[in-house]
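Q: Below are the structure tokens for one structure; questions will follow.
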Amino acid sequence: MPKRTDIKKQSWKPGNILSPVPVVLVSCGGTRGWKPNLITIAWTGNVCSDPPLLSISVRPERYSYDIIETTREFVVNVPSLGQAKAVDWCGVVSGRSEDKFAGAGLTPAAALKVQCPIVLECPLNIECRVRESLKLGSHTMFVAEVVAVQVSSALIDASGRLVLEKGGLLAFAHGQYFALGRCLGRFGFSVQKSKKRTRPPIRVKTAGRVLKKKS
């Protein structure tokens, strides 16, 4: 392959440069003497598909850390653009002194499998039970099994497909929030064979007769 000489690179120190990443509202508490609480998390991701596992990473000094460590459950609530301000607010105030559900104007609702509440306004609610916690340094990673999922009916089309893009999705990159853009294709589009279209014949009327022309 020919060498490219027009692309320049700079060397940066190691850091959390991976972006964009999802930003979610994690709800916890509401059981074992803990009040319901919310924490904004950007360090989250899928871990395994069978069984379905995901992870969140939380600093031990956060109020939600002790709640999750004690109750061993939480809900990952995927917000839309309409909850952007609430997502940011829940990330800068502490649940020790604030009722975050009330302060953010969000509604706690019953989960299906866990004791902590879901955020009703969020289009997707992923209920989780912690399998293990890994103390990795500044953050502890909670690896949890997905035990139930709730989806807003408004984002399910007639065929039963989840059209989450219609709800407007958020992303986080280097301290800023972004709205995700247009869809570029489905998984595998790069190797999908294009379908050949066959045009119908063009009908031309001449001298009372209809002639067929090839397109």
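The values are calculated or read from the model by the stated rules, or taken from the named source; none is laboratory data. Note that this is a predicted model, so its numbers are computed, not measured. Here the Cβ is made from the backbone with ideal geometry for all residues, glycine too, and neighbour counts use every protein chain on show.
Q: Residue 157 passes all but one of (1) over 24 Å from residue 84 (Cα atoms); (2) touching a residue at least 24 places away in the same chain (Cβ under 8 Å); which number fails?
A: Unmet for residue 157, out of (1) over 24 Å from residue 84 (Cα atoms); (2) touching a residue at least 24 places away in the same chain (Cβ under 8 Å): (2).
Q: Another question, if that's okay. Conditions: (1) within 19 Å of the chain's Cα centre (by Cα); (2) of a type in the set (A, V, I, L, M); (3) buried (at least 19 other Cβ atoms within 10 Å of the Cβ). Residue 156 meets all but one. Number of the miss?
A: Going through the list (1) within 19 Å of the chain's Cα centre (by Cα); (2) of a type in the set (A, V, I, L, M); (3) buried (at least 19 other Cβ atoms within 10 Å of the Cβ), residue 156 breaks only (3).
Q: Condition test on residue 160, is it of a type outside the set (D, E, K, R), at pLDDT below 95 and touching a Ser or Thr at 6+ places or on another chain (Cβ under 9 Å)?
A: No; evaluated as a whole, the condition is false for this residue.
Q: Here is a list: 127, 132. Which entry is of a type in the set (Asp, Glu), in a strand (DSSP E or B), under 21 Å from residue 71 (Cα atoms) and free of Cβ contacts under 8 Å to residues at least 24 places away in the same chain?
A: Only one candidate qualifies: 132.
Q: Return a yes/no flag: does the range 164-181 have any residue that is without any contact (Cβ under 8 Å) to a residue 60 or more places away in the chain, in contact with a Leu (Cβ under 6 Å, 6 or more places away or on another chain) and assigned to a strand (DSSP E or B).
A: No, the range 164-181 contains no residue that is without any contact (Cβ under 8 Å) to a residue 60 or more places away in the chain, in contact with a Leu (Cβ under 6 Å, 6 or more places away or on another chain) and assigned to a strand (DSSP E or B).
Q: Name every residue in the range 72-99 that is out of contact with any Lys or Arg (no Cβ under 9 Å at 6 or more places or on another chain) and more than 24 Å from residue 155 (Cβ to Cβ), in order of residue number.
A: Result: 91, 92, 96, 97, 98.
Q: Out of 114, 151, 76, which single residue is under 14 Å from the mean Cα position of the chain (by Cα) and farther than 16 Å from residue 22 by Cα?
A: Answer to the selection: 151.
Q: For the range 86-98, check the following and say yes or no: at least one residue is farther than 21 Å from residue 145 by Cα, of a type in the set (Phe, Trp, Tyr) and either in a loop (DSSP other than H, G, I, E, B) or touching a helix residue (DSSP H, G or I) at 6+ places or on another chain (Cβ under 8 Å) (or both).
A: The answer is yes, given that some residue of the range 86-98 is farther than 21 Å from residue 145 by Cα, of a type in the set (Phe, Trp, Tyr) and either in a loop (DSSP other than H, G, I, E, B) or touching a helix residue (DSSP H, G or I) at 6+ places or on another chain (Cβ under 8 Å) (or both).
Q: Look through 77, 46 and report the one residue that is of a type outside the set (A, V, I, L, M, F, W, C), touching a Cys at 6+ places or on another chain (Cβ under 8 Å) and closer than 27 Å to residue 163 by Cβ.
A: Within the list 77, 46, the selection yields 77.
Q: Still on this structure, please answer the following. Of the residues 107, 5, 31, which is at pLDDT below 95 and over 27 Å from residue 132 (Cα atoms)?
A: 5
Q: With respect to residue 138, determine if the residue is surrounded by fewer than 17 Cβ atoms within 10 Å (Cβ to Cβ), of a type outside the set (Phe, Trp, Tyr) and under 19 Å from residue 23 (Cβ atoms).
A: Against the criterion (surrounded by fewer than 17 Cβ atoms within 10 Å (Cβ to Cβ), of a type outside the set (Phe, Trp, Tyr) and under 19 Å from residue 23 (Cβ atoms)), residue 138 qualifies.
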